Every structure is written in C-alpha cells, then in structure tokens.
Amino acid sequence: MAKRTLGVGKQSKGLKKLKKSENSPTPETTPANQITVEVEENVDPENELVQLKGLWKTYFDSDRNDEMVLNGIVHECDRLVRSAAPSEAVSGSESSETQSSDAQLVHCSEFHAIYALALSELTIFKAGDEKEEKSVAGFFDAAAERCQNGLNEHPNAPLLKLVRAKVALQRIPLQFISKIQVTDTNASQLRIHELLEGAKKDLQTVPEYSELTFEVLQSFDDLLDIVENFGHENEIDEGLDSDAEDELDEIELPDQHPLFQVRAEVASNYSFLRQKLQELFSTIPKGTKLYHSVAKKLGQLHLSAAQPSSQIYLELTYENDDEDVTEIDGLSATAAQEQALGLVTDAVHYLEQASTDDEPQSWVDVAEALTDAGNLYAAESKDQEECYDKAEKLLRKANKATHGKYQNILDNLLGTSEDSD
C-alpha cells in the first residue's frame, strides 16, 4: 500500500464569512482586472461569468503555489455580491442594469461553485500554521455556506454537489486530521465519518467538469491513504518509500477515535472510489491526457485491492506447511486466487489503456501488473508463461529505450539477479 505524508502545506489569508459587514475580515486581494486570463473562443470576454471561469481555469491549470489568482476570484465574487444587493442608492438606468445583471450572475450555480472553490483552495496557504486555525475553519465554513446557498437555489445542480464534496474532502485532512492524536476519543465532536459520508453522497461524475471530478476523486484517494497510515507520519517524513513493499503495522485506535469508523470502512471506500473512477473513465474521450491519467489510477487501485487476496493465495499455495490450515481470513486458496486474478486482470486492462508510445514507465507498469497476474496462475502453466513472456517483451523494450534503466526489474523477472551480481 502506498505511503504518503499528511498533505498539510502552505496557505493564505483567512476569512470567516464574505459578507458586506464592517466586522467581516477580508483577504489581501489582487483585483481581478489586474490578472491576465485567457477565455474560450466564441464567448463574450466582457461577460462577468466568462471572466470568473477564466480566472478559475488560470488557477486550476497552474502549479498553484501563489494565492494571487484565488484572492482575485474572491475579491471579484465579493464585489459582484455587493453590486447585486438591493440598494436605495441606485440611480440611473445604467446602474440599474448593472445591478440587474450582477443579480442574475450571483444566482448562477457556476458562480456559487467558483466562489466556494476559491475559498476552499485558500486554506492550502494557511493550514499547518497554529496561528491560522480559525482562518482555515473560517474559509471552509464560508465555502460550505456558499455551496449550500447555491444548492438552495439549484437543488439538483451536480456541479455544486461535486464542489461541496471537494470542500469536505479537503477539510477533513487540513482542518481535522492535522490536529488529532492517536489517543483522541472525540469522534462525536468532530464527526469526521459523518462528513465523509456526506461527501460520498455528493460525489458524482460531472462530464462537463471531468478534470475537477478527477481531482475530487484523487482527494478521496489521498484521504483514504492518510487514514490508513495515521500515526505513522514521522516514519513517512523520515523517508519511507511511498511504494515500499514492507507495510507499517496498523496502529490500533480507540473505539471513539475520530478515524476509527472511517478506517474500519477503508476497503469499502476504496471499492466506492474505483466505481466512481470507472464511471468517470467511461465519459472521457480516448487518447486524452485525462483518459490516460484516470486509467493509470484505476490500474493502481485495482493492484492495491488485489494485494490481500494475492498474499493469501501465495501463502496457502507455496508457504503453508500445515495441512490443517486451508483458509486465511475466510478465503481458500482457490477463492483467493479467483478474487485476486479478477482484480489484477482489470489492472492490466486499465494500465494498458494508460500506456503511451512515448512513456517507457507506462510499459513497465503494464509489465509489472502482468508479472503479478502470472504469479497467480499455476506454476509453469500456459497462462503463467504467457503473462511472463508479455512482461519480458515490454521490459526489454523499456530497458532499451532508457539505456538500461529497468535492468533490475528485468533481471528479477527472469530470475537472473543473483547470477548478475
């Protein structure tokens, strides 16, 4: 199972609620009209919503290490909300028309979504700083409120539900997990499991926003990994390889620990994640960058899901010296083999879809999955040899293209590593 560190990094200016009030703190902002953005062809570049969407895309497609664009979005959204608010001071037809136009915009589901996304993303520039805990909570509160306001007007808007899921999945690690300890017993106060279940209900595939959908699903994957490795952050920070084969022992949590129930349901949550990724994958045009990325993630998740049953099959078949032991965790060798093969076969399929002609590592990914599949077939069987042969061809191809980068993997497959030492 992959090991990753807790994703708490840098963040930005805090904001409890964006309302026109003397008591409402506002972030340091860069006005939207000082940020250059690209807009799609055949659209009105003067349209406020077009500009907001362009601002968000500018941030979404960037390396996201500068909150300037986010502050610009929040600044602009706040201005539009105030402009759209009824005012006795409005005079003249132009002012009235502007107010009417802004009022229409701020009631649009995409406006609420972009506003909430910007607020939520600003937490990335604050989390991890003890002095900014209230700011982080304030941003998340404001983002959640904006989603709810939008859903009050557009109850069935899939984009708003997706964004609300993103806010929750970002909030759980940044605001809560980053502060809890192994010995905590405040599950009823934090209600992390309830927050996660709400996010799962909101998490739906939105083909028009496929890249955002994939990002939300990746956030869910990261969260599950954090939960699995909770308590081992120090070991991971000290350099544990995220792909290490030797897994850390799971730390036992109290029954009332905020992550106890979430951890107990990790396997079913991974199954849910694979299902949602498959739904997304079916909507993406073949050959696109996103198509390859989603296929790769599906391949990786299927390989991870196959690990427990694969280990049971191999242990019962090749390492079991006790004839009385015919099952492990309720699985016989045959049942474990069938379960693991189904998952690994699917992994091979997805990794083949993820493979590209100009990326040798993608060929190696397929080869390693084929090797896993071969290991699950009877020794020296036709199926096993076919898997190994295909894997060998891919590894030789990748090794040649990279001038020997994958020689160790190839040697391991061929059983020649000892001879080459």
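No value in this document is a laboratory result; all are computed from the given coordinates. Only a predicted model underlies this, so the values are computations on that prediction, with no experimental measurement involved. Ideal geometry is used to build each Cβ from the backbone, glycine not excepted, and the neighbour counts take in all protein chains shown.
Kindly state, to the nearest 0.05, the FRET efficiency for Lys179 paired with Glu359, given R0 = 51 Å and r defined as their beta-carbon distance. All intermediate terms of the calculation are to be shown ahead of the outcome.
On the way: r = 40 Å, r/R0 = 0.78.
Efficiency computed from Cβ-Cβ geometry: 0.80.
Hey, what do the phi angles of region 119-134 turn into as Karplus ³J(HN,Hα) couplings, whole Hz, using 6.51/-1.76/1.60 and θ = phi - 60°, x for Gly and Pro?
Going residue by residue, I get 4, 5, 5, 5, 5, 5, 9, 10, 4, x, 9, 4, 6, 10, 4, 5 Hz, with x marking Gly and Pro.
Using a Förster radius of 41 Å, what is the FRET efficiency between His403 and Thr334 based on their Cβ-Cβ separation? Nearest 0.05, please. Could the numbers behind the result be given before it?
Numbers: r = 43 Å, r/R0 = 1.06.
Approximately 0.40, to the nearest 0.05.
Could you list Val266, Val81, Val182 so that the one with the fewest beta carbons within 10 Å of its beta carbon is first and the one with the most is last? Walk me through the numbers on the way to the answer.
Details: Val266 16, Val81 19, Val182 13.
With the sparsest Cβ surroundings first, the list reads Val182, Val266, Val81.
Between Ala103 and Lys289, how many nm apart are label points set 7 Å from Cα along the C-beta direction?
Label-label distance for Ala103 and Lys289, simple model: 4.2 nm.
Between region 149-211 and region 244-308, how many Å separate their Cα centres?
Measuring centre to centre over Cα atoms gives 17 Å.
Would you kindly state how much longer the chain becomes between Ala85 and Ser62 on full extension, computed as 0.36 nm times their sequence separation minus their alpha carbon distance, in nm to one decimal? Write down the numbers at each step before the final one.
Values: separation 23, 0.36 × 23 = 8.28 nm, distance 3.27 nm.
Gain on extension, Ala85 to Ser62, equals 5.0 nm.
Provide the packing ranking of 377-385, 155-163, 70-78, i.e. peptides ordered by the mean count of other C-beta atoms within 10 Å per residue, highest first. Before the final figure, lay out the partial values.
Numbers: 377-385: 11.6, 155-163: 20.0, 70-78: 24.0.
Output ranking for 377-385, 155-163, 70-78: 70-78, 155-163, 377-385.
So what is the relative contact order of region 297-349, in percent, for Cα pairs below 8 Å that sit 6 or more residues apart? Please list the in-between numbers first.
Details: 49 pairs, mean separation 28.9, N = 53.
Averaging sequence separation for qualifying contacts and normalising by length gives 55 percent for region 297-349.
Simple spin-label model, 7 Å along Cα-to-Cβ: Lys134 to Gln311 in nm?
Roughly 4.6 nm, to one decimal.
Taking a threshold of 19 Å on the Cα-Cα distance, which of the pairs Lys53/Lys296; Lys201/Lys276; Lys161/Lys201; Lys126/Lys166; Lys179/Lys201 fall above it? Mind showing how you got there, number by number?
Working: Lys53/Lys296 28 Å; Lys201/Lys276 11 Å; Lys161/Lys201 9 Å; Lys126/Lys166 17 Å; Lys179/Lys201 26 Å.
Pairs exceeding the cut-off: Lys53/Lys296; Lys179/Lys201.
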